[in-house]
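First up is the structure itself, then whatever we jot down about it.
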Amino acid sequence: QDGMVDIIAAGNQIDMLPQFCSLDAGYGNVVLNKGNRKFEALLPSQSGLLIKGVVRDIQPLQVGKERLWLFLQNNNYPLLYRPSTQ
């Protein structure tokens, strides 16, 4: 709500060739823009973001005055995220 652009990211990749294994240890990231080219990555316990699995898309949702994020995953239920930093 400070007018600076923050970053919410998620991913993981499991459809790689077996010899390259999979990249599936991420749980999503929230990075806050502190201004003057300084950023702070939040721990999952601070941000409340903990998504297991492959994320295919992230869609912002505006519900009244609240900004929410919908994380879409293949073969899994969508996850709704409400930033704990609001």
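The values are calculated or read from the model by the stated rules, or taken from the named source; none is laboratory data. Fair warning: this is a prediction, and the values are worked out from it, not measured in the lab. Neighbour counts run over all protein chains shown; Cβ positions are idealised from the backbone, glycine included. To get the accessible areas, we keep the full protein, side chains included, count just its heavy atoms, and leave off ligands, DNA and RNA. Shrake-Rupley method; radii C 1.70, N 1.55, O 1.52, S 1.80 Å.
A few comments on the model shown:
- Those residues of segment 62-85 which are in a strand (DSSP E or B), surrounded by fewer than 12 Cβ atoms within 10 Å (Cβ to Cβ) and over 11 Å from the mean Cα position of the chain (by Cα), in sequence order: 62, 63, 66
- Yes/no for residue 32 being open to solvent by less than 90 Å² (accessible area, probe 1.4 Å), modelled with pLDDT of 90 or more and touching an Asp or Glu at 6+ places or on another chain (Cβ under 6 Å): yes
- Among (1) part of a loop (DSSP other than H, G, I, E, B); (2) open to solvent by 50 Å² or more (accessible area, probe 1.4 Å); (3) touching a strand residue (DSSP E or B) at 6+ places or on another chain (Cβ under 6 Å), the one test that residue 50 misses: (3)
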